[in-house]
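The structure appears right after this line, and notes come after that.
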Amino acid sequence: MQTDKIIPACGTSGKDGMKGHYMRGALLTAATALAFILAAPAQAQNAQTPQTGQTAPASDTRNTAPAKSTAESASAVVFMYHRFDEGEYPSTNTRVDQLSAHIAELGKAKYHVMDTGEIVSAIANGTALPDRTIGITVDDAYRTFYNVAWPMFKKAGLPVTVFVSTSQLDAGYDSYMTWDMLRDLVKQGVKVGGHSDSHAHLSSVPIAQTKAELEKSAKRFKQELGFVPDLFAYPYGEADTDVQQAVRDAGYKAAFGQQSGGFDKSADMFYLPRFALNEHYGSLDRFELAANSLPLDVSDLTPANYTLQRNPPAFGFTLLKPANDVKCYPSEGTATMSRLGDERVEVRLDGPVSPGRWRINCTAGGPDGRWRWLGMLYTVPKDIKTSG
């Protein structure tokens, strides 16, 4: 498992936030357990509009106050879980006590937990959202979501979207849900998203295979559930420009990766971020810090292709809002960051990075002790050419 040990940059904060801002920075410096990571699945087997036949949870009545029009009222944070109460898989597991603490935190009045599809639709349409809007997603349809986590989410009235790889349900593995279980969840208000058919590394297979995966997955959803989902999550968070186009062409309205950060209308709607949670990095401190984060708005992001074409990568972006305290932290390699004027940020590494997944997180101080956050995940092919 690869981790991103990230310490947000100390920066300016809003009213009554300065003291807490630096205290929080010191806490992060001292405690690597609060490092922000992207916990990609370790095992190979591992809407915008309401979907036909799905209903909202009957108990979903919390935190529905009208949104206030503020500078931050059109952004959101989405969390990603995998397994629950499966301690033999710590890189993808969340303990029950951790989940209980997360749910209790989200019960505070300052948070507004919404259906993830509704969040995406609002942001795409420029509709205001409540401050600290949160979405909850679960990847891979493990059976412990059905038996362990969903009863806890449902009791708290929290909507959830589960991303499903269809062949894993077809195979009848004991560790995954059955189609009957998924149909039961749909009746209870759980939303379903696409996750390919076989959970393949989509950016590493021929594009024809990716298209076939999407086609087969859609057919199975239609047969078993009566509808095809309109949200997608890339297995392992891996994508490239061809895969993204294939997902668009398949009819999905938006797609999620596995990189950290909040998002707003400046984000790539077919590579939206999510904060990953697991057993080792599911502490309440980390969860709270992520839930209160804000997007670091950028444009002209390079590399534009999320599968690297050169190694080391030449990473950079243009700030859409002033930020004097931007800091960037790669998961591998020593980085040198340069500012070109007030807007452009360029990051160069001291050498090539290893094949697999390479991550970089950039942060800047936000209002009231909160952090602005940009996380990126890039796939590094084994046969990529290195450059000096």
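Could you tell me which numbered condition GLY257 fails, if it satisfies all but one of (1) over 20 Å from GLY117 (Cβ atoms); (2) in contact with a Leu (Cβ under 7 Å, 6 or more places away or on another chain)?
(1)
Enumerate the pairs (first residue in segment 192-220 and among the polar types (S, T, N, Q); second residue anywhere and at pLDDT below 95) with beta-carbon separation below 9 Å, excluding pairs fewer than 6 apart on the same chain, so at least 6 apart or on different chains.
Pairs found: SER204/LYS382.
Of the residues that make up segment 323-331, is at least one crowded, with 19+ Cβ neighbours inside 10 Å, aliphatic (A, V, I, L, M) and over 19 Å from ARG274 (Cβ atoms)?
Yes - at least one qualifying residue is present in segment 323-331.
Taking segment 150-178 on its own, how many of its residues are open to solvent by less than 20 Å² (accessible area, probe 1.4 Å) and either under 24 Å from GLY135 (Cα atoms) or at pLDDT below 95 (or both)?
Residues that pass the stated criteria total 15.
Considering each of ASP383, ASP342 in turn, give the residue that is closer than 29 Å to HIS201 by Cβ and either aromatic (Phe, Trp, Tyr) or not in a strand (DSSP E or B) (or both).
Step by step, each of ASP383, ASP342 is checked, and only ASP383 is closer than 29 Å to HIS201 by Cβ and either aromatic (Phe, Trp, Tyr) or not in a strand (DSSP E or B) (or both).
Would you please list the contacts, defined by Cβ atoms under 7 Å and residues six or more apart or on different chains, that run from a residue in segment 269-284 that is surrounded by fewer than 22 Cβ atoms within 10 Å (Cβ to Cβ) to a residue that is among the acidic types (Asp, Glu)?
LEU284/GLU105
Here is a yes/no grid of residues against (1) modelled with pLDDT under 95; (2) touching a helix residue (DSSP H, G or I) at 6+ places or on another chain (Cβ under 7 Å):
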| position | (1), (2) |
| --- | --- |
| GLN258 | no, yes |
| ASP264 | no, yes |
| ALA267 | no, no |
| ARG274 | no, no |
| ASN278 | no, no |
| TYR281 | yes, no |
| ASP285 | no, yes |
| ALA290 | no, no |
| LEU294 | no, no |
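Matching residues to (1) farther than 27 Å from ALA76 by Cα; (2) β-branched (Val, Ile, Thr); (3) in contact with a Ser or Thr (Cβ under 9 Å, 6 or more places away or on another chain):
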| position | (1), (2), (3) |
| --- | --- |
| SER198 | yes, no, yes |
| ILE207 | yes, yes, no |
| LYS211 | yes, no, no |
| PHE221 | yes, no, yes |
| VAL247 | no, yes, yes |
| SER260 | no, no, yes |
| TYR271 | no, no, no |
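I'd like to verify a number: residues in segment 213-272 that are under 20 Å from VAL164 (Cβ atoms), part of a loop (DSSP other than H, G, I, E, B) and among the basic types (Lys, Arg), how many?
So the answer is 1.
Just need a number here: residues in segment 347-362 that are surrounded by fewer than 24 Cβ atoms within 10 Å (Cβ to Cβ) and of a type in the set (Lys, Arg).
Total satisfying the criteria: 2.
Can you pull out the residues in segment 185-197 that are open to solvent by 10 Å² or more (accessible area, probe 1.4 Å) and either closer than 19 Å to ARG83 by Cβ or in a strand (DSSP E or B) (or both)?
Hit for segment 185-197 is LYS191, nothing else.
Taking the criterion of being open to solvent by 10 Å² or more (accessible area, probe 1.4 Å), part of a strand (DSSP E or B) and farther than 22 Å from LEU202 by Cα, would at least one residue in segment 309-318 satisfy it?
Yes, segment 309-318 has at least one match.
The values are calculated or read from the model by the stated rules, or taken from the named source; none is laboratory data. Values in this document were obtained by computation on a predicted structure and should not be read as measured data. Note that each Cβ is placed from the backbone with ideal geometry, even for glycine, and that neighbours are counted across all protein chains shown. Areas reflect the complete protein model, heavy atoms only, side chains present, ligands, DNA and RNA absent. Shrake-Rupley method; radii C 1.70, N 1.55, O 1.52, S 1.80 Å.
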